[in-house]
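In what follows, a single structure is set out as structure tokens and then discussed.
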Amino acid sequence: MARYEIHGGTPLNGTVTISGAKNAAVAILPAALLVSGQCRIENVPDISDVRILLSILEGMGAKIDTTEPGVVLVDCTDVTSTCPQQELVRKMRASYYLMGALLGRFGKAHVALPGGCNFASRPIDQHIKGFAALGADVEETDDYVALQPGSNGLCGNRVSLDVVSVGATVNIMLAAVLIPGQTVIENAAKEPHIVDLANFLNTMGAHVSGAGTDTVKIRGVESLKGGTYAIIPDQIEAGTYLAAAAATGGNILVKNVIPKHMECITSKLAEMGAEIIDYDDAIRIRSNGRLRHATVKTRPYPGFPTDMQAQICVCMSIASGVSRLTESVYETRFFGYCSELESMGADIQISGKTAIVTGSEKLYGATVSANDLRAGAALVIAGLAAEGTTWVKNIHYVERGYEKLIDKLTALGAQIRRIED
Ligand code: EPU
């Protein structure tokens, strides 16, 4: 067990460079299963979710080389297994992308149900609906999903998602790339990592169009060939540092970002009183004086991301006035961190999908526990902004998605260290 010890109260100051996007990396690495030959994937974050995924692929017979920092060479040509190692699959959420990738590559798959952050019920019925629409016979138990070609074989089809789902959009894209015919995903998710996956697949020879809109079209091709691709910067990691600067009254330059992806976050921080300056691939945030209250509702992209809900809640908890924070993607997400923030002095009343956050003058150091990745990131921000010392437990959640968190925060002047108990 390890924990973070944070001595709060120091405004963040300096420059931080954002890593490759976790949620793009965890879609693109399984996509390498569809490629004959070697993929050179650059800007890959060194985080535990990526390490688990690489172990799973290696266990299935992929050749993996991570010698060069930030680069993964992955060659899945010799993979024959359609049944990835269950214990590893259960350690993370995005391992469900192996279902789509294996269905696309081999026409069959036997994949354990995923684990990962359990801040809400996270069904996969839309993934299954997509696989079935492509002609797969699906066997779903409490433990695993098994896919094989139905009596008419696999063929492209139209799939209209009942909810906008990142995971279902990705999984259907992965499954459809090598299946004959055209697949059309309607009501698709539009997150930057969906576009990144499409760009990766197209670089390797796929025909995917419309990614980033609500209709994605995939024309099946016979094969994909190896190539080089660089993953986009992580929108949520960048948003987390911006929120940390806002909460601590800091002044930081966040480098290696796509400012367009950040608008849904920076516009709210600006509304709360932070000064935001956009550059081509960087954003400066200056926060002087107390933040102001705001009204925020999470939505699928291009709305305010649910993955920034907890971090903006910390900003609200020390802002002047009463803020309203409404969650429309995962209703139960507040429960992962609000009581922990309250133990640090925050005043949060949850009413259905909305948290009413009355700004406190200060937060105070406490011992708190991360219950999921973004909840953990928010508690770190709270610790940085608080008076006194905070200990954040259960940090394996945080390490799932933030590369070199301690090094990056320390370089910004934060007093934080990782303690191995
Ligand atoms: N949903 C269904 N049925 C499905 C799939 C989703 O009802 O088959 C519902 C969910 O319950 C939720 C909504 O649709 O209410 C959206 O879920 P989505 O499928 O988009 O979420 P996901 O793909 O499981 C990804 C990210 C999450 C992020 C969500 C929403 C990855 C690996 N994970 O999850 O990221 O919160 O999209 O943007 O891309 C994180 O990074 O901390 C994280 C949790």
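Report the local net charge at Asp162: Lys and Arg +1, Asp and Glu -1, summed over other residues whose C-beta lies under 14 Å from its C-beta.
That sum, taken over residues with Cβ under 14 Å, equals -1.
Expressed as a whole percent, how much of the Cα-Cα distance distribution for region 229-340 exceeds 17 Å?
Of all Cα-Cα pairs in region 229-340, 51 percent lie more than 17 Å apart.
Would you mind listing how long region 279-415 runs along its three principal axes, going by Cα atoms, in whole Å with the largest first?
38, 37, 33
If you wrap a convex hull around the alpha carbons of region 63-159, what volume per residue comes out, as a whole number of Å³?
Dividing the Cα hull volume of region 63-159 by its residues yields 131 Å³.
Can you give me the Cα centroid spacing of region 369-400 and region 239-306 in angstrom?
19
Measure off 7 Å from each Cα along the Cα-to-Cβ vector at Asp280 and Asn152, then give the distance between these two points in nanometres to one decimal.
Here the modelled spin labels are 5.1 nm apart.
Using 0.36 nm per residue, how much length does the chain from Ser343 to Arg299 gain when fully extended, once their Cα-Cα distance is taken away?
Net length gain for the segment: 13.0 nm.
When the Kirkwood radius is taken over all Cα pairs of region 101-157, what Stokes-Einstein diffusion coefficient follows at 25 °C and 0.890 mPa s, in µm²/s?
The estimated diffusion coefficient comes to 204 µm²/s.
If you take the beta carbon distance between Glu68 and Thr358 as r and set R0 to 60 Å, what does 1/(1 + (r/R0)^6) give as a FRET efficiency, to the nearest 0.05?
Result of the calculation: an efficiency of 0.75.
Could you give the length gained on full extension between Asp214 and Ser267, defined as 0.36 nm per residue of separation minus the Cα-Cα distance, in nm?
Between Asp214 and Ser267, full extension yields an extra 16.8 nm.
Can you give the relative contact order of the chain as a percent, counting alpha carbon pairs under 8 Å and 6+ residues apart?
21
Show me the ranking of peptides 15-24, 377-386, 180-189 by mean Cβ neighbours inside 10 Å, starting with the highest.
Highest mean packing first, the order is 377-386, 15-24, 180-189.
Can you tally the net charge around Pro149? Count Lys and Arg as +1, Asp and Glu as -1, for every other residue whose Cβ sits under 14 Å from the Cβ of Pro149.
Here the charged neighbours net out to 0.
At a Förster radius of 30 Å, what calculated FRET efficiency corresponds to the Cβ-Cβ distance of Thr141 and Thr332, to the nearest 0.05?
Between Thr141 and Thr332 the formula returns 0.75.
What do you get for Rg/Rh over the chain if you use C-alpha atoms and the Kirkwood form of Rh?
0.98
Please list, in order, the residues from region 338-381 whose amide nitrogen is less than 11 Å from a point placed 7 Å along the Cα→Cβ vector of Glu387.
Taking a point 7 Å out along Cα→Cβ of Glu387, the residues of region 338-381 whose backbone N falls under 11 Å are 361-365.
Quick one: compute a quarter of the convex hull surface over the Cα atoms of region 1-144 and quote it in nm².
Over all viewing directions, region 1-144 projects a mean Cα-hull area of 11.4 nm².
Chymotrypsin sites (Phe, Trp or Tyr not before Pro), restricted to region 236-334: which are DSSP loop and have at most 15 other Cβ atoms within 10 Å?
Tyr279
Any idea what % of Cα-Cα pairs in region 99-217 are farther than 24 Å?
Of all Cα-Cα pairs in region 99-217, 21 percent lie more than 24 Å apart.
Probe of 1.4 angstrom, ligands and nucleic acids ignored: what's the accessible area per residue over the chain, in square angstrom?
37
Report the antiparallel proportion of the DSSP beta bridges in the chain as a percent, rounded to a multiple of 5.
Roughly 70 percent of the DSSP beta bridges within the chain come out antiparallel.
What net charge is computed for the residues neighbouring Asp214, neighbours being all others with C-beta under 12 Å from the C-beta of Asp214, Lys and Arg scored +1, Asp and Glu -1?
Local charge sum for Asp214: 0.
Scan region 313-381 for GluC sites (Glu not before Pro) in coil per DSSP, keeping those whose Cβ has at most 14 other Cβ atoms within 10 Å, and list them by number.
Those that pass, being in a loop and sparsely packed, are Glu361.
Please identify the GluC sites (Glu not before Pro) of region 219-283 that satisfy two criteria: DSSP loop assignment and at most 15 other Cβ atoms within 10 Å. Which are they?
Hits after loop and neighbour filter: Glu222.
Per the 1.4 Å probe, what fraction of the accessible area of the chain, in percent, lies on carbon and sulfur atoms?
Summing carbon and sulfur atoms, their accessible area is 47 percent of the total for the chain.
Relative to the Cα centre, what is the charge dipole magnitude of the chain, using +1 at the beta carbon of each Lys and Arg, -1 at the beta carbon of each Asp and Glu, and rounding to the nearest 20 debye?
Result for the chain is approximately 560 debye, rounded to the nearest 20.
The values are calculated or read from the model by the stated rules, or taken from the named source; none is laboratory data. Please read these numbers as outputs of a predicted model, since none were measured by experiment. Methodologically, a virtual Cβ is constructed for each residue, glycine included, from the backbone with ideal geometry; neighbour enumeration extends over all protein chains shown. Ligands, DNA and RNA are excluded from the accessible area calculation, which covers all protein heavy atoms including side chains. Shrake-Rupley method; radii C 1.70, N 1.55, O 1.52, S 1.80 Å.
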